[in-house]
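The values are calculated or read from the model by the stated rules, or taken from the named source; none is laboratory data. None of these values were measured; they are calculated from a predicted model. For neighbour counting, all protein chains shown are included, and Cβ atoms are generated from backbone atoms with ideal geometry for every residue, glycine included. Quick note on the areas: whole protein, heavy atoms, side chains included, nothing else; ligands and nucleic acids left out. Shrake-Rupley method; radii C 1.70, N 1.55, O 1.52, S 1.80 Å.
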Amino acid sequence: EAGVAQSPRYKIIEKRQSVAFWCNPISGHATLYWYQQILGQGPKLLIQFQNNGVVDDSQLPKDRFSAERLKGVDSTLKIQPAKLEDSAVYLCASSLVAGGYNEQFFGPGTRLTVL
Amino acid sequence: KQEVTQIPAALSVPEGENLVLNCSFTDSAIYNLQWFRQDPGKGLTSLLLIQSSQREQTSGRLNASLDKSSGRSTLYIAASQPGDSATYLCAVVQTSGSRLTFGEGTQLTVNP
C-alpha cells in the first residue's frame, strides 16, 4: 500500500515570495491534515479536512496561508507572501474517517527555507 | 488547552541499555495516544498507538504504557541499538478524528 506522498521535498525561497506544497493521502483516507514543524519543536496542526470540507483551521494564519482539497483527495497548501518565520517542515498526514483507531500516517514532509 | 511535555529533551546511552522515555499531558480526557519516531530530515513513523481504554501496547523491543488518570505515558525500549537513535515524539488525540497534539520530543542517541 502506498503511503502519503508529498512534493516538493525541499524548497528555498526569498521572503515575500509565494510557495505551494502538494499532498496525496493514502487511498481511501477521508481525513487529511497539514502540520507545521519548526526546528526543535513538535508538529502543530495548521488545517484538517474531512473529505473536501474544513474541520479545523483554528491555527492557520489565514492572512498568508491557504489550503484546499479538491474532490476530497489531493490537497495543496499555499503561503503568500512567505515570512522568515515560515521556515519549517510541512507535514501532511491522513487517516480513515472518524471512529476506530484513527491512526494518522505521515508523509516525508516538505522542508521550506525562507531567506 | 491540552499541553504535552516530554522528558528528557535529550538522552545518550550506551548500546544494550534499557531505557524509558516519558510523556505527560495536562488534560486526561484523551481518545488515544501515539508514539512516533522521527529520523533527521524525515517524516514521522508511527511506533505504537494506545487507545484510551488500553493500558499498554507492545511491538518488538518497544513497550508503551498509558496511565490516563495521571496523564502519563512511557515508552520503554529494551536492549537499545545504534539504529534506535532518533527523535521520539509523543502525541495525543482529544476526540475521535481530531488533531494530534505533540510534545517537543526526546532526542535519543545510542552509542556503539
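Listing for the model above:
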quantity	calculated
In the stretch A:53-82, the residues that are surrounded by 15 or more Cβ atoms within 10 Å (Cβ to Cβ), of a type in the set (Asp, Glu) and not in a loop (DSSP other than H, G, I, E, B)	A:Asp56
Lone unmet requirement of (1) outside any strand (DSSP E or B); (2) crowded, with 17+ Cβ neighbours inside 10 Å; (3) modelled with pLDDT of 95 or more for B:Leu108	(1)
Test set (1) within 11 Å of another protein chain (Cβ to nearest Cβ); (2) in contact (Cβ under 8 Å) with a residue 60 or more places away in the chain; (3) of a type in the set (A, V, I, L, M, F, W, C) - A:Trp34 fails condition number	(2)
Residue match in the stretch B:47-68 (condition: among the acidic types (Asp, Glu) and farther than 26 Å from A:Gln41 by Cβ)	yes
Sole residue being without any contact (Cβ under 8 Å) to a residue 12 or more places away in the chain and at positive phi, chosen from A:Gly109, A:Gly40	A:Gly40
Residue list for the stretch B:14-62, filter: assigned to a loop (DSSP other than H, G, I, E, B), farther than 20 Å from B:Ser96 by Cα and open to solvent by less than 70 Å² (accessible area, probe 1.4 Å)	B:Gly16, B:Asp39, B:Gly41, B:Gly43
Filter result for the condition that a residue is within 14 Å of another protein chain (Cβ to nearest Cβ) and surrounded by fewer than 17 Cβ atoms within 10 Å (Cβ to Cβ), over B:Ser96, B:Ser69	B:Ser96
Condition check for A:Leu112: closer than 26 Å to B:Ser52 by Cβ, open to solvent by less than 60 Å² (accessible area, probe 1.4 Å) and at pLDDT 95 or above	no
Residues of the stretch A:49-101 satisfying the condition of being of a type in the set (S, T, N, Q), within 22 Å of B:Phe102 (Cβ to Cβ) and touching a residue at least 12 places away in the same chain (Cβ under 8 Å)	A:Gln50, A:Gln59, A:Ser75, A:Ser87, A:Ser94, A:Ser95
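To keep it simple, each residue is scored yes or no on (1) within 14 Å of chain B (Cβ to nearest Cβ); (2) under 14 Å from the mean Cα position of the chain (by Cα); (3) among the aromatic types (Phe, Trp, Tyr).
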| site | (1), (2), (3) |
| --- | --- |
| A:Phe65 | no, yes, yes |
| A:Lys71 | no, no, no |
| A:Pro81 | no, no, no |
| A:Ala93 | yes, yes, no |
